[in-house]
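The numbers here are math on the coordinates, done by the rules we state, and not lab data. These figures come from a predicted structure and were not determined experimentally. For neighbour counting, all protein chains shown are included, and Cβ atoms are generated from backbone atoms with ideal geometry for every residue, glycine included.
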Amino acid sequence: QLTTGILINLVLIGIGGFWLTHEATAPIEESYQQLKQFTADASHELRNPLTAIQTSIEVMLNHPERVHPKDMKKLVAVASATEQMSRLTQDLLFLARTKTPVSTVENAWKPTSVNEILQNLVDLLEPLAEDKEITLKYQVLANVAVMGEPAQLSRLFSNLLQNAIQYSLPQGKVSVCLAKQNRFCLVSVEDTGIGIAPEDIPFVFNRFWRADKARSRREGGTGLGLSIAMAIAQHHGGKITVTSELGVGSCFKVYLPIYYGI
Ligand code: ADP
């Protein structure tokens, strides 16, 4: 009798606790969703005027004879600032989109070969690496497929690869490796670049966080690339880890659940 009474009390306390927690967190969740919606709407609305500005700038740049030589430098600066703003609004829109940051178009999800995505990216980014005198190496230890959205997965790896090249010094090396670890597909992107200070590591996936704001902005960075990469990895049931040493280099590891090994 006594045990039943205690049990009933425990269940009632549990239900009460859940109800109280829900009551307490519901307004926070609601205002968070409102904030996200506002960011999504604002970035969406900014796209049209930005496109109009970019088109006008392009027209002027295509007819340099119509531009006063003294104004040309200013025009190029405006073009670059507009490009940066456009990238920022696209990234913000991506992160703020409805409930999940990643598009959830059902039919866009399919078994996807990670090797195919990485090979395409390596081919695409090879000229950029060459330009900066950086060796880009790609090694395939296992060919695996994951379930996901190919465009988003490509964006995830592209952000990591572009960072590895961007934060490398001439004569540096960027190594990409595709392997299998238990039931996870493991992609590591390692560079011999500038590295990240130990005290900065906990912040790298935060939105707008940049170790060197001036350098990042100069190279076209928005400070959103790694948070987008992490959001995509988590949306696919995975995660990203980072190890780094200042002045030596960094290694980002992406773990994604394997759909099947090919
Ligand atoms: P950004 O657009 O500034 O590159 P990210 O979110 O991609 O934004 O990266 C955040 C910051 O983390 C960068 O500004 C840089 O300071 C640091 N970072 C990212 N990747 C690397 C890397 N491979 N090597 C050194 N620092 C890096």
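Things worth noting here:
- Matching option when the condition is among the charged types (D, E, K, R), in a loop (DSSP other than H, G, I, E, B) and within 8 Å of the ligand (Cβ to nearest atom), among ARG210, ARG215: ARG210
- Looking across the range 174-195, the residues that are among the charged types (D, E, K, R) and either within 14 Å of the ligand (Cβ to nearest atom) or in a strand (DSSP E or B) (or both) come down to LYS180, GLU190, ASP191.
- Scope the range 230-262; condition hydrophobic (A, V, I, L, M, F, W, C), within 16 Å of the ligand (Cβ to nearest atom) and in contact with a strand residue (DSSP E or B) (Cβ under 6 Å, 6 or more places away or on another chain); matching residues: MET230, ALA233, ILE240, VAL242, CYS251, PHE252, VAL254
- Figure legend. Inter-residue proximity from the range 240-261: first residues in contact (Cβ under 8 Å) with a residue 12 or more places away in the chain and farther than 10 Å from SER188 by Cα, second residues more than 16 Å from the ligand (Cβ to nearest atom) and among the small types (Gly, Ala, Ser), beta-carbon distance below 6 Å, spacing 6+ or different chains. Indicated pairs: LEU256/GLY238; PRO257/GLY237; TYR259/ALA145; TYR260/ALA145.
- Restricting the first member to the range 35-53 and to residues that are in contact (Cβ under 8 Å) with a residue 60 or more places away in the chain, and the second to residues that are in a helix (DSSP H, G or I), the beta-carbon pairs closer than 7 Å and six or more apart or on different chains are LYS36/ALA96.
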